[in-house]
Each structure stands twice: as C-alpha cells, then as structure tokens.
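The structure appears right after this line, and notes come after that.
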Amino acid sequence: MKKNNWIKKGFFEALGYLRESKNYIWTAIGMFFASAFFVFIFPERFVFIESIIRDIIQKTEGLEGLELTVFIFRNNFISALLALFLGVFLGVIPVFNALLNGAVLGYVVERVGSTIGFFELWRLLPHGIFELPAIFVAIGLGIKLGAFFFVKKGKRKKEFWRRLDKSLKTAVFVILPLLVVAAVIEGALISLG
C-alpha cells in the first residue's frame with residue numbers, strides 16, 4: 001500500500017510541477033519551432049545536419065523490432081535526461097538541445113518535402129505526438145533547473161534541491177512513459193517500412 005501511495009504522490013507532484021513550469025516549457029517549444037522554421041527556410045546553410053542524420057541511420061542499420069525500439073528509447077531518454085539535468089549549468093545545454101533538435105526537424109521536413117513530398121511526413125506524426133512533449137518538458141525543466149541561480153541568494157540552495165527533486169519525479173512519471181510509448185510506435189512504424 002505504501003508503494004502505491006508513493007507512486008500516486010510522485011505522479012501528482014510531477015503534474016503540479018509541470019503546471020508550475022509551463023512558461024519554461026513554452027519557452028522550450030518556442031525555441032524548438034523557431035529553430036525548425038529558420039532551418040526549413042534556409043536549409044542550404046545547415047547541410048552539416050546531413051552527417052547527423054547519416055550517423056543515426058548508420059547506427060540503426062540492421063536493427064528491427066525490439067532492438068530498434070530499445071535503441072530509439074535509449075537515444076531519446078539519454079537526450080531528455082541530458083537536457084533536463086545538465087540544465088544546472090544556467091540552462092545552456094537544454095537551450096542548445098532545443099535549437100539542435102528543432103534544426104534537425106526543420107532540415108528533415110524541408111528535405112523530405114522537397115524530394116519525396118510532404119505527405120510522407122505524416123508517418124512521423126504518431127510517435128511525435130508522444131516524443132515531442134517529453135522532449136519539450138525535459139528541455140523546459142532543464143532551463144528552469146538552471147534558473148535556480150537567479151533565485152534570491154539565501155534561498156538558492158533550497159530551491160535548487162526542490163527543483164532537482166521535482167524534475168526527477170517528472171522524469172520518472174511523465175517523460176519516461178511518454179518516451180516508451182513513442183519508441184514503441186516509432187519502432188513499429190520503421191519496422192513495417
């Protein structure tokens with residue numbers, strides 16, 4: 001019974017922290033889509049992104065089913081955790097994460113749209129419904145974690161530990177489940193070809 005209470009309490013604390021952090025999450029979303037839009041408009045300036053995409057394709061070559069799903073989940077979860085917990089350095093890493101991931105999306109959308117057609121992009125939508133919110137939450141909370149530095153000096157340490165605790169609970173009860181669902185959907189879609 002105690003375990004269920006801990007889970008229930010942690011889940012509701014995570015949801016409360018999401019509400020408290022909504023401005024940071026909206027900031028992350030704004031940066032992500034601004035970066036995606038900029039790269040979509042000027043893709044010729046970002047051809048280096050092709051090497052990032054090639055690297056991902058090379059790592060997933062030959063993977064199918066469960067192996068592919070685990071790879072996708074691990075890759076996304078590590079990225080989310082880095083964005084979230086390395087935010088402690090004034091939020092620089094999560095901002096970079098938002099801009100880079102947005103740039104990759106903008107580049108992929110432009111290239112796929114101009115070569116194969118925008119209809120092909122609908123295949124990405126099902127997993128993005130779960131993956132993107134998880135990434136936005138991780139980035140937003142990472143920025144908020146780094147913003148502890150701007151809290152009044154006498155309260156800074158206590159606020160840092162509070163934000164870290166709430167971020168950890170949000171990672172477990174919100175980000176992790178969203179990324180599991182996203183990986184299962186993406187792995188299935190890629191395996192089905």
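Rule-based calculations on the coordinates, nothing more; no lab input. None of the values given here were measured: they were computed from a predicted structure.
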* Asked: Taking the chain as a Gaussian network, where each spring joins two C-alpha atoms under 10 Å apart, which residue of 12, 77, 148 fluctuates the most?
  -> 12
* Over what distance in Å are the Cα centres of segment 59-83 and segment 148-163 separated? -> 34
* To do: Go through segment 46-54 residue by residue and turn each phi into a ³J(HN,Hα) via Karplus (6.51, -1.76, 1.60, θ = phi - 60°); whole Hz please, and just put x for glycine and proline.
  => 10, 5, 4, 5, 4, 5, 5, 5, 4
* Structure fact -> In order over segment 76-91: 3J(HN,Hα) from phi, Karplus 6.51/-1.76/1.60, θ = phi - 60°, whole Hz, x for each Gly or Pro, gives 5, 5, 4, 4, 5, 5, 5, 4, 6, 8, 7, x, 4, 8, 6, x
* Taking Rh as the Kirkwood radius computed over C-alpha pairs, what is the Stokes-Einstein D of segment 1-148 at 20 °C in a medium of viscosity 1.002 mPa s, expressed in µm² per second? -> 128
* Based on DSSP H runs of at least 4 residues, each adding -39500 (n - 2.57), what is the mean residue ellipticity at 222 nm of the chain after dividing by all its residues, to the nearest 500 deg cm²/dmol? -> -26500 deg cm²/dmol
* Structure fact -> Scoring segment 12-192 by relative contact order with C-alpha pairs under 8 Å, at least six apart, yields a percentage of 37
